[in-house]
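Notes for the one structure printed next.
The values are calculated or read from the model by the stated rules, or taken from the named source; none is laboratory data. A quick note: this is a predicted structure, and the numbers were derived from the prediction, not measured. Every residue, glycine among them, receives a Cβ derived from its backbone with ideal geometry; neighbour counts consider all protein chains shown.
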Amino acid sequence: MSESSKLADAARRNFLARAGVAAGAAAVAPGVFLSTSTAHARPADEPVSSEKRWGILVDTTKCASDCNDCVTACENENGWGSSEPNSDAAQKAHWIRSVTIKNKATGFAKTLPMMCQHCETPPCVDVCPTGASFRRADGIVLVDKHICIGCRYCMMACPYKARSFVHEDLHDQKPWAPRGKGTVESCTMCDHRVDKGQIPACVEACSADNHNALIFGDLYDENSEISQALKAKDSVELRADLGLNTGVRYRGI
Amino acid sequence: MKLSMNYREIEGSSTGFWILLGGLALVIALAGGATLYMEHEGHYVTGMNNQIVWGMPHVFAIFLIVAASGALNVASIGTVFGKPLYKPLGRLSGLLAIALLLGGLIVLVLDLGRPDRLIVAMTYYNFKSIFAWNIILYNGFLAVTVVYLWMMMERRMNRYYRPAGLVAFLWRLILTTGTGSIFGFLVARQAYDAAIMAPMFVIMSFSYGLAVFILVLMASYNWTRRPLGDAVLLRLKNLLGVYIAAVLYFVLVFNLTNLYATEHHGIERFILLDGGIYTKLFWIVQIGLGSLLPLAMIYHPTIGKSRPAIATAAALVIVGAFAQLYVILIGGQAYPLEIFPGYEVVSSAFFDGQVNSYSPSVWEIALGVGGIALALMIVTIGVRVLRFLPESLEDAAVDPHAKGA
Amino acid sequence: MLALLLLLLPLAATADSDKDGEKEALPFSDLTFPEPARHYSAEQKCVQPVEEMRKNHMNYILHQRDETVHRGIRTRRYALEECVNCHTAQDDKGEYVPINAPDQFCYSCHSYASVKIDCFQCHATKPVRPSTLNTPEADATDSTEKLSNDIRQLLASEGQAQ
């Protein structure tokens, strides 16, 4: 009896010591990484942190009216687009879409990509009954499809029509982008890539073709490219009147 | 004023009774089949899509849930406001409330993308979500009403009957406030995002619930050949008239407020003028057939006393109710989201800036009708096995001081 | 309550057969355990002893699921994708068979046990990219693994103490 409780004590001390080391490492780590301003890979076992907030700046002045590169890249990366043969056009999923708008008064027209705006206070998260719709510490708004019951209240609440409901059985999903019938989904800001220190597929495709209309980065880091770009020139949030403080911002509209 | 009222189960042995029960069972079976088909295939077989995300099942479900809350109103008037005339109606009122709520909830649950995860809905709660609160409110309503009925029907428990009735009354008001807030709390949509949604739904529940109650009461007394006096019926139909007028008032205030604010002119124009089916449903069915016509019938000096006319008026209120919910729910989603104020959408891969179309599938309608059939089945079986219905509701029985009769 | 009674029914049946003295065959005991078209990697042992995984694989997967989805923790050891990478079998032509096919690793056992799996409506059922389970970076970053082992050890020893 006493022997085993001694054992337990030893194990507890051992555990606490190691936990302390781990906590120390976690406390030091942000300081270490702060010195490098470029995107870096967070260790796989370290949780995302609220020290960062990921965002995308869309410079619509650089968007060509016939360009669809970001949309195609997203489809290929995340496996939507041609995965739902039975659904009609209004039922198919759209994580990102190209929209052309025209100023009612002046006739000035613009093409831009629309996707989840990754709000700081997302209406979809507020209304979700189970907490499946949530905002990750680093600002990415996601659906936990494990606890999504498919009630679609988040789709009613989203001001940007950013979310889709999967209307039929899917096959051959990507391992890094699970999606399935009866649950709601939307742009994940390619969290699986971001977690490895990479940039979202849409941003990568846009710069690969030298359009450079999309800038991805940490909004909390003053020295990041996106923060510098936002500071240098004007940009807007869509539906700024709602006060959602979106992570995606637009220039040129 | 102590009235001794005899409650008795209905006999339930006639051919008509079994035809009714069999018919309802058949409808429920068909609805079950339709649901299995929808769940197996996925929602692509329905008329719902990523633009109109809530469709016909939600119209039925919300009607049933709202009417459930209103159906209990009759009992509340007897218990909380102490009107003796309503007391004999209390048991049926409670039964009807439970039945309608169960019917509505089953439709709501079976339309989920993942109804198999009902347990998740019951175990994971986001308390900022009005939807999560509604799950608690709905379940609580069932429990509160069962207790209320028990206090009403068990002689030894009669002394707790008033507090139980008060709790049920308050719970019901909160419940319908919650249902209305599902729409009131949608900040992004032009058609919703209004605090008045909550009280408007409360008033709508009074009207819908009473209309259903009147029809069920008339049918059950007629089919069982039990006497139903004018004292009860005329009082109920006058009350229905007041509720119809109250709903009209709320609809008027809601639309007037929107008409005043320029940012809401688009949605108002859509519903009131050029929204096609929604405009027609609003003016012809909701306002004309569902409100003004029954009002005129109810308050007409001679027609207002005719039983077929009273039944017709109550049925028209229900027809109007479906139109109203269809316009609020589907019409509100059909009107495009205003994502780029000041801009018009020239082209979009995802129907931005366009009026969204919706044509309900037969499966969705079957599911909704199944919910109604389930509610009626619960009532039918309920009055057959337990003492819900007074043997007589003739004038002398409900109110010894009634004049004439 | 009814569900509880149903759960207790098999127990009641066993009790009866004990009383009778001579052992009667339990219901369904003539059923044979299905042999799945299983596949284990030759180089790679499972991430926990087989007995432990048989009993508790769902807990590891469930824990990892919440860590990954909500906290962005991307360790590979208990990632469902690595289960699929290792346990899918190939057919005669060398094509991978979906792991949720009736006779494959997951479903053969799960259908025997009548436990519905909710994984593969959404998750990929075949290997898509190479496993990173044994790469140096995957091992190097597995300090949560050490911690969770410590916790398990601690819990086990506390259990003995009581």
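So B:Gln324 fits all but one of (1) within 14 Å of another protein chain (Cβ to nearest Cβ); (2) crowded, with 16+ Cβ neighbours inside 10 Å; what number is the exception?
Looking at each condition in turn, B:Gln324 falls short on (1).
Looking at C:Val84, C:Val69, which is the one that is in a helix (DSSP H, G or I), more than 13 Å from the chain's Cα centre (by Cα) and not hydroxyl-bearing (Ser, Thr, Tyr)? Lay out the reasoning, then the answer.
Working: C:Val84 fails: more than 13 Å from the chain's Cα centre (by Cα).
Exactly one of C:Val84, C:Val69 is in a helix (DSSP H, G or I), more than 13 Å from the chain's Cα centre (by Cα) and not hydroxyl-bearing (Ser, Thr, Tyr), namely C:Val69.
Considering only residues of segment B:116-126 that are of a type outside the set (Gly, Ala, Ser) and at the interface with chain A (Cβ under 8 Å from one of its Cβ atoms), which is surrounded by the fewest Cβ atoms within 10 Å (Cβ to Cβ)?
This residue is B:Leu118.
Let's see how each residue does on (1) modelled with pLDDT of 95 or more; (2) of a type outside the set (S, T, N, Q); (3) under 19 Å from B:Ala315 (Cα atoms):
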residue	(1), (2), (3)
B:Ile65	yes, yes, yes
B:Thr79	no, no, no
B:Leu89	yes, yes, no
B:Leu92	yes, yes, yes
B:Leu95	yes, yes, no
B:Asp111	yes, yes, no
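Six or more apart or on different chains, Cβ under 7 Å: which pairs go from a residue in segment A:69-92 that's assigned by TED's automatic domain parsing to the domain that holds A:Val58 to one that's of a type in the set (Asp, Glu)? Could you list them?
Correct list of pairs: A:Asp69/A:Asp209; A:Ala73/A:Glu204; A:Gly81/A:Glu75; A:Glu84/A:Glu168; A:Asn86/A:Glu168; A:Ser87/A:Glu168; A:Lys92/A:Glu84.
Considering only segment A:140-153, I want to know if a residue exists there that is touching a residue at least 40 places away in the same chain (Cβ under 8 Å), buried (at least 22 other Cβ atoms within 10 Å of the Cβ) and either facing chain B (nearest Cβ under 7 Å) or farther than 30 Å from C:Pro130 by Cβ (or both).
yes
Please go through (1) assigned to a helix (DSSP H, G or I); (2) without any contact (Cβ under 8 Å) to a residue 40 or more places away in the chain; (3) hydrophobic (A, V, I, L, M, F, W, C) for B:Phe81 and return the number of the only condition it doesn't satisfy.
So the condition that B:Phe81 fails would be (1).
Is one or more of the residues making up segment B:324-341 within 30 Å of A:Gln117 (Cα to Cα) and in contact with a Pro (Cβ under 8 Å, 6 or more places away or on another chain)?
yes
Filter segment B:334-354 down to the residues that are of a type in the set (Asp, Glu) and either assigned to a loop (DSSP other than H, G, I, E, B) or more than 7 Å from chain A (Cβ to nearest Cβ) (or both), then identify the one that is nearest to B:Asp193 (Cα to Cα).
If we take residues in segment B:334-354 being of a type in the set (Asp, Glu) and either assigned to a loop (DSSP other than H, G, I, E, B) or more than 7 Å from chain A (Cβ to nearest Cβ) (or both), then B:Glu338 is nearest to B:Asp193 (Cα to Cα).
Mind listing whichever residues of segment A:93-114 are part of a strand (DSSP E or B), of a type in the set (Lys, Arg) and facing another protein chain (nearest Cβ under 7 Å)? If you could, list the steps in order and put the result at the bottom.
At the first step, the residues of segment A:93-114 found to be part of a strand (DSSP E or B) are A:96-103, A:109-114.
When the remaining residues are screened for being of a type in the set (Lys, Arg), the result is A:97, A:102, A:110.
Across segment A:93-114, the qualifying residues are A:Arg97, A:Lys102.
Looking at B:Leu175, is it hydrophobic (A, V, I, L, M, F, W, C), at pLDDT 95 or above and under 16 Å from the mean Cα position of the chain (by Cα)?
Yes.
How about segment C:90-162: which helices (runs of 4 or more DSSP H) wholly inside it have at least 2 residues that are more than 8 Å from every other protein chain (Cβ to nearest Cβ) and either over 21 Å from C:His57 (Cβ atoms) or modelled with pLDDT of 85 or more (or both)?
C:105-112, C:136-140
With within 12 Å of chain A (Cβ to nearest Cβ), under 26 Å from B:Ile378 (Cα atoms), within 16 Å of the chain's Cα centre (by Cα) and touching a residue at least 12 places away in the same chain (Cβ under 8 Å) as the only criterion, which of B:Leu96, B:Leu108, B:Leu101 stands out?
B:Leu108
Would you be able to tell me the number of residues in segment A:154-177 that are under 22 Å from C:Val97 (Cβ atoms) and buried (at least 24 other Cβ atoms within 10 Å of the Cβ)?
0
Check whether at least one residue in segment B:262-270 is touching a strand residue (DSSP E or B) at 6+ places or on another chain (Cβ under 8 Å) and either modelled with pLDDT of 95 or more or closer than 28 Å to A:Ala93 by Cβ (or both), and report yes or no. Give the derivation first.
So in segment B:262-270, the residues touching a strand residue (DSSP E or B) at 6+ places or on another chain (Cβ under 8 Å) come out as none.
Checked against the condition, which is being touching a strand residue (DSSP E or B) at 6+ places or on another chain (Cβ under 8 Å) and either modelled with pLDDT of 95 or more or closer than 28 Å to A:Ala93 by Cβ (or both), segment B:262-270 yields no hits at all.
Say whether the condition of being in contact with a helix residue (DSSP H, G or I) (Cβ under 7 Å, 6 or more places away or on another chain), more than 14 Å from chain A (Cβ to nearest Cβ) and buried (at least 19 other Cβ atoms within 10 Å of the Cβ) is met by at least one residue in segment B:46-53.
no
Give me a count of the residues in segment A:154-183 that are within 8 Å of chain B (Cβ to nearest Cβ), over 16 Å from A:Val125 (Cβ atoms) and among the aliphatic types (A, V, I, L, M).
Qualifying residue count for the region: 1.
Can you pull out the residues in segment B:1-41 that are among the aromatic types (Phe, Trp, Tyr), touching a residue at least 60 places away in the same chain (Cβ under 8 Å) and in a helix (DSSP H, G or I)?
B:Phe17, B:Tyr37
Could you tell me whether B:Phe270 is within 22 Å of B:Ser207 (Cβ to Cβ) and touching a residue at least 24 places away in the same chain (Cβ under 8 Å)?
Values: within 22 Å of B:Ser207 (Cβ to Cβ): no; touching a residue at least 24 places away in the same chain (Cβ under 8 Å): yes.
No.
Of the residues in segment B:157-193, how many are buried (at least 20 other Cβ atoms within 10 Å of the Cβ), aliphatic (A, V, I, L, M) and within 11 Å of chain A (Cβ to nearest Cβ)?
Number of matching residues: 4.
Answer with yes or no whether A:Phe134 is without any contact (Cβ under 8 Å) to a residue 12 or more places away in the chain, within 28 Å of A:Gly243 (Cα to Cα) and either within 14 Å of chain B (Cβ to nearest Cβ) or of a type in the set (Val, Ile, Thr) (or both).
yes
Looking only at residues in segment A:79-116 that are among the basic types (Lys, Arg) and touching a strand residue (DSSP E or B) at 6+ places or on another chain (Cβ under 6 Å), which one is surrounded by the fewest Cβ atoms within 10 Å (Cβ to Cβ)?
Applying the filter and picking the extreme gives A:Lys104.
So, in segment C:41-66, exactly how many residues are not β-branched (Val, Ile, Thr) and not in a loop (DSSP other than H, G, I, E, B)? Write out each step before concluding.
To start, the set of residues in segment C:41-66 that are not β-branched (Val, Ile, Thr) comprises C:41-46, C:48-49, C:51-60, C:62-66.
Adding the requirement that they be not in a loop (DSSP other than H, G, I, E, B) leaves C:51-60, C:62-66.
The total comes to 15.
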